[in-house]
There are 2 protein chains.
Amino acid sequence: MDNAMLAELGRQLRVDAVRAAGAASSGHPTSSMSAADLMAVLITRHLRYDFTRPDDPRGDHLIFSKGHASPLLYAIYKAVGAIDDDELLGFRTDGSRLEGHPTPRLPWVDVATGSLGQGLPIGAGVATAGRRFDRLPYHVWVLCGDSELAEGSMWEAFEYAGHERLGNLTAIVDVNRLGQRGPTRHGWNLGAYARRIAAFGWDVVEIDGHDLAAIDKAYAHASTDPMRPVAILARTSKGRGVAAVEDIEGKHGKALPDVDEAVAELGGRRDLRVRVREPAGEPPPPPRGARPGPPRLPSYEPRSSIATRTAFGEALLALGAARPEVIVLDGEVSDSTRTGLFAKEYPDRFVECYIAEQQMIAAAVGLAVRGWTPYAATFAAFLSRAYDFIRMASISGVDLNLAGSHAGVSIGQDGPSQMGLEDIAALRAIHGSTVLYPCDGNSAVALTAAMAGHPGISYLRTTRDDTEVLYAAEETFEIGGSKTVRGSPDDEVTIVAAGITVHEALRAADKLMGDGIATRVIDAYSIKPIDADTLRVAAAATGRIVTVEDHRPEGGLGEAVQSAVCDADPPVRIARLAVHTMPASATRDQQLRNAGIDADAIAASARRLTST
Amino acid sequence: MDNAMLAELGRQLRVDAVRAAGAASSGHPTSSMSAADLMAVLITRHLRYDFTRPDDPRGDHLIFSKGHASPLLYAIYKAVGAIDDDELLGFRTDGSRLEGHPTPRLPWVDVATGSLGQGLPIGAGVATAGRRFDRLPYHVWVLCGDSELAEGSMWEAFEYAGHERLGNLTAIVDVNRLGQRGPTRHGWNLGAYARRIAAFGWDVVEIDGHDLAAIDKAYAHASTDPMRPVAILARTSKGRGVAAVEDIEGKHGKALPDVDEAVAELGGRRDLRVRVREPAGEPPPPPRGARPGPPRLPSYEPRSSIATRTAFGEALLALGAARPEVIVLDGEVSDSTRTGLFAKEYPDRFVECYIAEQQMIAAAVGLAVRGWTPYAATFAAFLSRAYDFIRMASISGVDLNLAGSHAGVSIGQDGPSQMGLEDIAALRAIHGSTVLYPCDGNSAVALTAAMAGHPGISYLRTTRDDTEVLYAAEETFEIGGSKTVRGSPDDEVTIVAAGITVHEALRAADKLMGDGIATRVIDAYSIKPIDADTLRVAAAATGRIVTVEDHRPEGGLGEAVQSAVCDADPPVRIARLAVHTMPASATRDQQLRNAGIDADAIAASARRLTST
């Protein structure tokens, strides 16, 4: 396709973006129009991808970090023959795959975007997969907006990709100078962006984003240095080609005022069909070798002591041997999370993300896109830094394993900044998530293994300090299950605990036994899904439940239990113990006592319930 | 104090940091020792602060972004006479103000730190207060770690402060080359940091962080250009001065192996007393003028229509006139959140943070530290980007008003990336938070006004689309209250709704009336604290509750209601409607129907409850 035809294709992409948004009466045509020439050249001359075989591992990846430019993406899909015009015009309607922002409901979309600043970090993750794990020559092209360069996560990505020398990654920045509200901070000052990005070790090219020859040359350059990512800063006009909107404020995120007139101004409808270049080389053999058999998981002697974070780390190490698809990521705290055990044994499958939790989750998502099984770990408290990335990962539908260590006040002296106290609530609210919280070494091992391959976002909450091993190594732990660790037909009250509080609950049960109160203790290690059946049986049998959690009272174990038994018939009386105060520094036992979640507090609560 | 004495002071700070951590058997002495010389020079020759009057508005601000170096901070407090040696040695013990990471329990600490990458963005907020609002010449000094430069939030801060030309802000980066797990990404490559930070418009100075004359000169330089923030990159040794730990990996976050030996190696205990320079100039008059009287809040005609986001924006505008301490921040979506109304009228009290939600919250925290009343707004979905900042703000104990627009599936076509569906759960779990969700214009106005001055983190959830005005303008809305918008003594079922679902609930009640089912409808506009009394009365009266929310089922309205009535006697039967599916694009009404939270779904649920 010569440059004249390319220009025509650019206009076609604009026309179709305008028509799609017009049909929907919403969407972002102007943000699509600015990048149309950039994409016309990319799909015609540089992208290597087979739209009929989106699962071909050799294919390039095209990620719209500026996901609101979805009309442009869908116009591309039409131009390559992946969708037809009818589908294009169904944009943003109920039941259409062509959502307001791209999601992987479309087979050619790797990840959901639309929360700005995520596509580039995730693209860096995909590029990491290509470089280090798939070892395939595919290229990752990420279309970025200029507004989203204000997001810190973009700079985590620039730092990460520069340091990892991801020459297979190209950021195409559509500098149209207008954000949603108005002008961006730097407008068309490409030099401002260039200085910043170059400082992070990237090769930076500044071009006119409507100069087809310059675009072509920039893309050709993007593949030349295998060890250096390239950023193409393209000066463009938002709403390019339609005078009523071009480079004018207040035209963001709206259909054009007169679609027919705009289409006419752009030269009318066209139906150019693009032949995208095939992926390079022979199809590779299935990338993963045969399974070496089930993992030889570690086990611990009952009554011995080990921290669940350590059991998690040792389980990961065992998974590393048995499951070559397991990759571990950490935010520079691998000595605390215990992923360091894996890192030492399998440095080739460990990704150090330094203290950049957003990039860590994004890299994990990128690896998951390529079929790898990532485990990403940091302190439970610091996963909150990446909450938006976790939220978006659930929209992307990827399978992601997260581990948060140092949960709750039981970490002791470090104080509240280091305590994960909101993590259960935050992770439970993620669609399709799984929230696990083991109380001992053997359950931690079993649940760590159970996460691998489990669909959706799985979260394992671990404890800093050693706890007693309660379970035999042979015990099985199903996601969605629970363990009744103490119980008899005569129980008058049930204590539902998880993690560190299981041990306090058992001590409370001992105390209560001294008072003649038979007590059931349930280890609700699977907080989501929760074992509603067992809880209902206990509710019916004992009529009284005390829940106790090392977490805030909202959205955690107590409310999860309540949701399972609140409609019990006959009704159940529930007391919920949780961390209501702002903790400070203290020993573990002092913290549990100060928060009112230790054995004494549990026993007192149970006594109150049983005495009335 | 001459340089010889300064060197002595540096050693004293190290000694005291080592002793404090030794007494606690934990903490971060090595991370303190690297920065001791930097701090010795600062407090002796440059900081202007009266430790006996921490509320003097003229005082400089010293923020330890590397909060784990708290032993150094507390050693400083001892050196200036603010605490005594006994208190120092109570470090990290139960009841001590000297927590593992600094918190504002100490009167000289502005904000809690310990989640890395937050002190500099917040410092930029304090500097904004000094420059734009307090108009006082105080200087903000932020001690940063090198590890935390991996956090994207630091680059949001560099970009923000450079752009805002905050010459009253100095970042002192303690480049000790060792993170928690081992070497940082760039080690002692000061040039790598210098290139990056300079590219963001900062003046960068590279020094030997143990060369007292060089440190002194760098600080003097820091105050010379009023329009340019300065970053001092100081090459230091972690564990400086004690051979057993100096510049050695694996010594992070631990007391020194032999405290007595280390103290001896550092030359023994000293008791130098530092006279800190007084704040400059005369004490200013009380900065805020007399109140011009209560705000003249907007009001809307019952049965007219307005979006709660717009009512929020118009209420802010009214607050702007009446309350000069109100400052509004936005993440470059002020046309959507409607803070643009305020921005247009009061540009001097509007802070555009561009698409950098972490910096937006940090700036708001910094303003709150100085007594201003910040309202920070973005899409509810994108507040998740700053969740860790909100969490830390609650530890800092600041009063912060947040507004999240575009909540829930009811936004319609934009798709799930733009929908706040986890925000209630996330915000409820924040300690001491308030979560408000008005259903109409008049309640949105009243609650927006009620947030100003309300303690802690207050969150207002707003809706994109217009909704009918239900309440008269005179109606009052207490935090912690609710409104029974329909009800009679014969009610058989109660529907508890909030925001958009109140309108669906009323439509459902109409349908149910057609079936002869009298229905109570409660508008639970205050989700936290929730109006437990009213809910319990309704539970007792009707015995059946349907909750309905445009939010995930976990941690939201339904679980909040359940927590209030689960132990009701006689028991109540509860059905909870929420968004269980992954939404796509569709109209508002289709979204509500698809999610099973529209009037039909509510009525069907109520019928099921009443028929059994």
Notebook entry, point to check: Can you tell me how many residues in the range A:587-603 are at negative phi, more than 13 Å from chain B (Cβ to nearest Cβ) and more than 32 Å from the chain's Cα centre (by Cα)?
Noted result: 6
Checklist line | Matching residues, the range A:70-105, being among the charged types (D, E, K, R), surrounded by 20 or more Cβ atoms within 10 Å (Cβ to Cβ) and more than 9 Å from chain B (Cβ to nearest Cβ) | finding: A:78
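Okay, residues lined up against (1) out of contact with any strand residue (DSSP E or B) (no Cβ under 9 Å at 6 or more places or on another chain); (2) within 14 Å of another protein chain (Cβ to nearest Cβ); (3) over 18 Å from residue A:133 (Cα atoms):
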{"position": "A:268", "(1), (2), (3)": "yes, no, yes"}
{"position": "A:280", "(1), (2), (3)": "no, no, no"}
{"position": "A:297", "(1), (2), (3)": "yes, no, yes"}
{"position": "A:301", "(1), (2), (3)": "yes, no, yes"}
{"position": "A:315", "(1), (2), (3)": "yes, no, yes"}
{"position": "A:318", "(1), (2), (3)": "yes, no, yes"}
{"position": "A:328", "(1), (2), (3)": "no, yes, no"}
{"position": "A:334", "(1), (2), (3)": "no, yes, yes"}
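Please go through the range A:51-101 and pick out each residue that is among the acidic types (Asp, Glu), touching a Phe, Trp or Tyr at 6+ places or on another chain (Cβ under 9 Å), within 18 Å of residue B:414 (Cα to Cα) and not in a helix (DSSP H, G or I).
A:99 - this is the single residue of the range A:51-101 that is among the acidic types (Asp, Glu), touching a Phe, Trp or Tyr at 6+ places or on another chain (Cβ under 9 Å), within 18 Å of residue B:414 (Cα to Cα) and not in a helix (DSSP H, G or I).
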Next item on the list: State yes or no: is residue A:348 within 8 Å of chain B (Cβ to nearest Cβ) and surrounded by fewer than 24 Cβ atoms within 10 Å (Cβ to Cβ)?
Entry: no
Check: Exactly one of (1) in contact (Cβ under 8 Å) with a residue 24 or more places away in the chain; (2) of a type in the set (Asp, Glu); (3) within 8 Å of another protein chain (Cβ to nearest Cβ) is unmet by residue A:146. Its number?
Finding: (3)
Next item on the list: Answer with yes or no whether residue A:589 is more than 17 Å from residue B:559 (Cα to Cα), at pLDDT below 95 and surrounded by fewer than 24 Cβ atoms within 10 Å (Cβ to Cβ).
Entry: no
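Being in a helix (DSSP H, G or I), small (Gly, Ala, Ser) and touching a Leu at 6+ places or on another chain (Cβ under 7 Å) is the filter here; which residues of the range A:555-611 pass it?
Residues satisfying the conditions are A:564, A:601, A:603, A:605, A:606.
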Notebook entry, point to check: In the list B:584, B:538, which residue meets the criterion of being facing chain A (nearest Cβ under 8 Å) and more than 19 Å from residue A:568 (Cβ to Cβ)?
Noted result: B:584
Notebook entry, point to check: For the range B:1-51, which residues satisfy the criterion of being within 14 Å of chain A (Cβ to nearest Cβ), touching a helix residue (DSSP H, G or I) at 6+ places or on another chain (Cβ under 7 Å) and among the aliphatic types (A, V, I, L, M)?
Noted result: B:20, B:21, B:23
Check: From the list B:421, B:383, which one is facing chain A (nearest Cβ under 9 Å), in contact (Cβ under 8 Å) with a residue 40 or more places away in the chain and under 20 Å from residue B:558 (Cα atoms)?
Finding: B:421
Next item on the list: Can you tell me which residue among A:453, A:415, A:441 is of a type outside the set (Val, Ile, Thr) and within 14 Å of chain B (Cβ to nearest Cβ)?
Entry: A:415
Notebook entry, point to check: From the list A:445, A:485, A:435, which one is in contact with a helix residue (DSSP H, G or I) (Cβ under 8 Å, 6 or more places away or on another chain) and part of a helix (DSSP H, G or I)?
Noted result: A:445
Item checked: Every residue from the range B:106-139 that is within 14 Å of chain A (Cβ to nearest Cβ), more than 13 Å from residue B:367 (Cβ to Cβ) and either more than 16 Å from the chain's Cα centre (by Cα) or not in a loop (DSSP other than H, G, I, E, B) (or both) -> B:106, B:119, B:120
Check: Does residue A:62 count as modelled with pLDDT of 95 or more, under 23 Å from residue A:363 (Cβ atoms) and either among the aliphatic types (A, V, I, L, M) or buried (at least 18 other Cβ atoms within 10 Å of the Cβ) (or both)?
Finding: yes
Check: among the aliphatic types (A, V, I, L, M) and away from every other protein chain (no Cβ under 14 Å) - does that describe any residue in the range A:152-168?
Finding: yes
Next item on the list: For residues that are more than 8 Å from chain A (Cβ to nearest Cβ) and at negative phi, tally how many sit in the range B:170-215.
Entry: 32
Notebook entry, point to check: Does residue B:58 satisfy the condition of being over 22 Å from residue B:21 (Cα atoms) and more than 22 Å from the chain's Cα centre (by Cα)?
Noted result: yes
Next item on the list: Tally the residues that are at the interface with chain B (Cβ under 8 Å from one of its Cβ atoms) and over 12 Å from residue B:559 (Cβ atoms), restricting the search to the range A:552-567.
Entry: 2
Next item on the list: Being among the hydroxyl-bearing types (Ser, Thr, Tyr) and over 28 Å from the mean Cα position of the chain (by Cα) is the filter here, so list the residues in the range A:497-552 that pass it.
Entry: A:501, A:519, A:534, A:542, A:547
Next item on the list: Could you tell me which of the residues B:389, B:342 is within 14 Å of chain A (Cβ to nearest Cβ), farther than 23 Å from residue A:115 by Cβ, hydrophobic (A, V, I, L, M, F, W, C) and surrounded by 22 or more Cβ atoms within 10 Å (Cβ to Cβ)?
Entry: B:342
Checklist line | Pairs where the first residue, in the range A:351-370, is closer than 14 Å to residue A:326 by Cβ and the second is assigned to a helix (DSSP H, G or I), C-beta under 6 Å, 6+ apart | finding: A:351/A:363; A:367/A:125; A:367/A:129; A:370/A:129; A:370/A:134
Check: Among the listed residues A:222, A:194, which satisfies the condition of being of a type in the set (Gly, Ala, Ser), closer than 25 Å to residue A:61 by Cβ, touching a residue at least 24 places away in the same chain (Cβ under 8 Å) and crowded, with 20+ Cβ neighbours inside 10 Å?
Finding: A:222
Margin query: Take the residues in the range B:489-509 that are in contact with a Lys or Arg (Cβ under 9 Å, 6 or more places away or on another chain) and among the acidic types (Asp, Glu); name whichever of them is nearest to residue B:469 (Cα to Cα).
Written below: B:491
Notebook entry, point to check: Out of the residues in the range A:231-254 that are of a type in the set (A, V, I, L, M) and buried (at least 22 other Cβ atoms within 10 Å of the Cβ), which is nearest to the chain's Cα centre (by Cα)?
Noted result: A:231
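The values are calculated or read from the model by the stated rules, or taken from the named source; none is laboratory data. This one's a predicted model, so the numbers in the text were calculated from it and none came from an experiment. Counting neighbours? That spans all protein chains shown, and the Cβs are built from the backbone with ideal geometry, glycine included.
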